[in-house]
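Peer 1: Structure provided below as structure tokens; questions to follow.
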Amino acid sequence: MAQSDSRSTEMVADLLQIVRSFPQPVADLAQKLALTLLSVRPDLDAKARLGWGSVNYRHPKAGFVCAIFPMEDHVSLVFEHGRLLSSPLLEGDGKQVRFIRFVPGVEIPEDEIAILLAEAIALKA
């Protein structure tokens, strides 16, 4: 098995622990979003943080870029320096963080996510 496949398998196993108490549609969405991020940016390293209930994504040069947080009725994709990114998908008004709220049944906008990831990485790399 390739190293990236092995890491994806480990991350999914940990993610399943995180989402086991959530409704199945949220758990499925979290898994799909987690794998989508690795698909559009294979250079990211994903690590489930059981204590935080999140999957965190790091870039080799930029460091921490974003995280997925499953919630009771949605999944949030949180960008650490999201206020510096320009996308109508981003929500929030904090000093630094912005997020995209995904609800089950809505298509994941892969192209827009790929652009946001590239912008977030460029900010810190």
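The values are calculated or read from the model by the stated rules, or taken from the named source; none is laboratory data. In this text, all values refer to a predicted model and were calculated from it rather than measured experimentally. Glycine also receives a Cβ, built like all others from the backbone with ideal geometry; neighbour counts cover every protein chain displayed.
Peer 1: Does P60 qualify as being farther than 12 Å from I18 by Cβ, at pLDDT below 95, out of contact with any Pro (no Cβ under 7 Å at 6 or more places or on another chain) and of a type outside the set (D, E, K, R)? Write out each step before concluding.
Peer 2: Numbers: farther than 12 Å from I18 by Cβ: yes; at pLDDT below 95: no; out of contact with any Pro (no Cβ under 7 Å at 6 or more places or on another chain): yes; of a type outside the set (D, E, K, R): yes.
Here the answer is no, as P60 does not meet what is asked.
Peer 1: If a residue must be of a type in the set (D, E, K, R) and over 17 Å from the mean Cα position of the chain (by Cα), how many such residues does region 87-104 contain? Talk me through it step by step, then tell me what you get.
Peer 2: The first filter runs over region 87-104 and keeps only residues of a type in the set (D, E, K, R), leaving 91, 93, 95, 98, 101.
With the extra rule that they be over 17 Å from the mean Cα position of the chain (by Cα), the set shrinks to 93, 95.
Qualifying residue count for the region: 2.
Peer 1: State which residue is farthest from I68 (Cα to Cα) when the search covers only region 84-108 and only residues that are in contact with a Leu (Cβ under 7 Å, 6 or more places away or on another chain) and not polar (S, T, N, Q). Walk me through it before giving the result.
Peer 2: Quick first cut of region 84-108, residues in contact with a Leu (Cβ under 7 Å, 6 or more places away or on another chain) only: 84-85, 87, 98-100, 102, 104, 108.
Subsequent filtering for residues that are not polar (S, T, N, Q) retains 84-85, 98-100, 102, 104, 108.
Values: L84: 19, L85: 17, R98: 12, F99: 9, I100: 10, F102: 10, P104: 14, I108: 13 Å.
Applying the filter and picking the extreme gives L84.
Peer 1: Based on what the data block shows, is F64 more than 21 Å from V26 (Cα to Cα), aromatic (F, W, Y) and free of Cβ contacts under 8 Å to residues at least 40 places away in the same chain?
Peer 2: Working: more than 21 Å from V26 (Cα to Cα): yes; aromatic (F, W, Y): yes; free of Cβ contacts under 8 Å to residues at least 40 places away in the same chain: yes.
Spelling it out, F64 is indeed more than 21 Å from V26 (Cα to Cα), aromatic (F, W, Y) and free of Cβ contacts under 8 Å to residues at least 40 places away in the same chain.
Peer 1: Out of the residues in region 40-57 meeting the condition of being loosely packed, with under 14 Cβ neighbours inside 10 Å and farther than 20 Å from A125 by Cα, tell me which one is modelled with the lowest pLDDT.
Peer 2: Within region 40-57, the match that is modelled with the lowest pLDDT is L50.
Peer 1: Identify the single condition in (1) in contact with a Ser or Thr (Cβ under 8 Å, 6 or more places away or on another chain); (2) β-branched (V, I, T); (3) farther than 21 Å from I115 by Cβ that I68 does not satisfy, given that it satisfies every other one.
Peer 2: Status for I68: all satisfied but (3).
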